[in-house]
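A.B. asks: Attaching a single structure in structure tokens format; questions to follow.
Any read-out appearing in this document is the output of simple, stated calculations on the displayed coordinates, not a laboratory observation. Only a predicted model underlies this, so the values are computations on that prediction, with no experimental measurement involved. Using ideal geometry, Cβ is built from the backbone for each residue, glycine included, and neighbour counts are taken over all protein chains shown.
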Amino acid sequence: MNSNDSFNDSGTTTSSRSTTAPAPEGLKIKVGIVGGAGYTAGELIRILLHHEFVEFASIVSSSNAGNDVSSVHDDLVGDTDLIFTDKLRGDEDVVFLCLGHGNSRAFLEKHPLPETVHVIDLSNDFRLSADREFQDREFVYGLPELNRTRIQQAQSIANPGCFATAIQLALLPLAQAGRLTDDVHVSAITGSTGAGQSLSETVHFSWRTGNVSIYKPFTHQHLGEIGESLAQLQPELTSEMHFIPYRGNFTRGIFATVYTPSELTQDEARALYKEFYAEAAFTTVSDAEVHLKQVVNTNKCLLHVQKLGKQLLITSVIDNLVKGASGQAIQNMNLLFGLPETTGLNLKSVLF
């Protein structure tokens, strides 16, 4: 891979903010979801129910087979009569793997899919370059702001991690310009849904509410994919990243602050970011400071760039379940099937 893989050869995207070909007449994408009872699967179903080009083929959950989908995802009561199944139907056009880390590879080993079926994996099994070739598939890293053209031509997609999405979007313009010349410091806080649906001490209400804590300081698993993406744009990159993740006392969203020394002025940095994301479908550079409620329940990433002394500070906010997982997976599906990236994803935040 090289820097020309990002956006187009000019370094700017040609996404759905610009002219996009209309969807093929009569298109219906048959969708299968494996691991259908989890948070990311619930978000996929919620959004895809309103996607005009999607038809559900199967929603697989071995522990819930035969039960109503709305009995688990009860925000869907009255919206759907879908039933969980114990296996894929077999005629899917695309399969979303919403399985725990390590389980997607195991599923495909046990249930190999025809080469004609697209796979979008939401785990970390295929995100790193060393893991992207599996069976007869090559997984393309699915960050549209970085690899849009390659995603459009892909067979299989490794969907980025949630922290990785927020942090990469805060740094890609600097890497593209060769401006990451010093160490990068990141503090980012995520909601409890980032830990998944399985119960543990740190997701219990009595522990989480009114509380903040750090976890995996300097060792978070998303650092690998972030480093590979930045090096794709700035191959000579030698900067180190120092990342402290926080557990927040809220359910969804990521608020990340990223800072690094820079010779750019504030005006130069903001111009650089606005040019880089000028045609991005969901990433916007805001002149005003940003906050979490602006993006919760949406596929947006909002960025704010400011210069304080010698430090360039970039604030990045996303919804960890939407832009950080299921919404981005649907954005990738849209690209795979020649649809505008925004199809089915015009979601509204709830500010109050």
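A.B. asks: For segment 78-154, state the average projected area of the convex hull of the C-alpha atoms over all orientations, rounded to one decimal in nm². Spell out each step's value before the answer.
C.D. replies: Working: hull surface 26.7 nm².
The directionally averaged projection comes out at 6.7 nm².
A.B. asks: Pairs of Cα atoms under 8 Å, at least six residues apart: use those to get the relative contact order of segment 64-156, whole percent. All intermediate terms of the calculation are to be shown ahead of the outcome.
C.D. replies: Details: 107 pairs, mean separation 18.8, N = 93.
Computed over segment 64-156, the figure is 20 percent.
A.B. asks: Same structure, new question: Which residue fluctuates most in the GNM of the chain (Cα springs below 10 Å): 50, 118, 73?
C.D. replies: Maximum fluctuation in the GNM of the chain, among the listed residues, is at 50.
A.B. asks: By how many nm would the segment from residue 212 to residue 181 grow when fully extended, if each residue of separation counts as 0.36 nm and the alpha-carbon distance is taken off?
C.D. replies: Numbers: separation 31, 0.36 × 31 = 11.16 nm, distance 3.18 nm.
Contour length minus the Cα-Cα distance gives 8.0 nm.
A.B. asks: Follow-up. With a cut-off of 8 Å between alpha carbons and a minimum separation of six or more residues, what is the relative contact order of segment 162-320 in percent? Walk me through the numbers before you get to the answer.
C.D. replies: On the way: 319 pairs, mean separation 49.7, N = 159.
This gives 31 percent for segment 162-320.
A.B. asks: Still on this structure, I have one more. For segment 25-72, what is the relative contact order in percent, using Cα pairs closer than 8 Å and at least 6 residues apart in sequence?
C.D. replies: Values: 42 pairs, mean separation 23.6, N = 48.
Over segment 25-72, the number comes to 49 percent.
A.B. asks: Hey, another quick one. If you put +1 on each Lys and Arg Cβ and -1 on each Asp and Glu Cβ, how big is the dipole of the chain around its Cα centre, in Debye rounded to 20? Please report the intermediate quantities before stating the final value.
C.D. replies: Values: 26 positive and 40 negative charges, 145 e Å.
Result for the chain is approximately 700 debye, rounded to the nearest 20.
A.B. asks: Hey, with R₀ at 45 Å, roughly what FRET efficiency would residue 115 and residue 311 work out to, going by the Cβ-Cβ distance, to 0.05? Could you put the intermediate results ahead of the total?
C.D. replies: On the way: r = 49 Å, r/R0 = 1.08.
Computed FRET efficiency for residue 115 and residue 311 comes out at 0.40.
A.B. asks: How many percent of the alpha carbon pairs in segment 80-121 exceed a separation of 11 Å?
C.D. replies: 71 percent
A.B. asks: Another question, if that's okay. Using a cut-off of 26 Å between alpha-carbon atoms, which lysines can reach residue 307, once sequence neighbours fewer than 8 places away in the same chain are excluded?
C.D. replies: Of all the lysines, those that pass the test against residue 307 - Cα under 26 Å, at least 8 places apart if same chain - are 274, 293.
A.B. asks: Here's something else I'd like to know. Projected area of segment 162-320, taken from the Cα convex hull and averaged over every viewing direction, in nm²?
C.D. replies: 9.3 nm²
A.B. asks: Still on this model: Under 16 Å from a label point 7 Å along Cα→Cβ of residue 131: give me every residue in segment 221-260 with its amide N that close.
C.D. replies: 221-229
A.B. asks: Just going by the charge dipole of the chain, with Lys and Arg at +1 and Asp and Glu at -1 on Cβ, which of 147, 189, 114 is farthest out on the positive end?
C.D. replies: The one lying farthest along the dipole's positive direction is 189.
A.B. asks: If R0 is 41 Å, what FRET efficiency do you get for residue 77 and residue 291 from their C-beta distance, rounded to 0.05?
C.D. replies: Numbers: r = 31 Å, r/R0 = 0.75.
Taking R0 as 41 Å, the efficiency between residue 77 and residue 291 is 0.85.
A.B. asks: Using a 10 angstrom cutoff on alpha carbons, build the Gaussian network for the chain and name the most mobile of 308, 49, 339.
C.D. replies: 308
A.B. asks: Give a quick list of GluC sites (Glu not before Pro) in segment 237-276 that DSSP marks as loop, anything other than H, G, I, E or B, with at most 15 other Cβ atoms within 10 Å.
C.D. replies: On the way: sites: 240, 263, 268, 275; in loops: 240, 263.
When the GluC sites (Glu not before Pro) of segment 237-276 are filtered for loop state and at most 15 Cβ neighbours within 10 Å, 240, 263 remain.
A.B. asks: Projected area of the chain, taken from the Cα convex hull and averaged over every viewing direction, in nm²?
C.D. replies: Working: hull surface 70.3 nm².
That works out to 17.6 nm².
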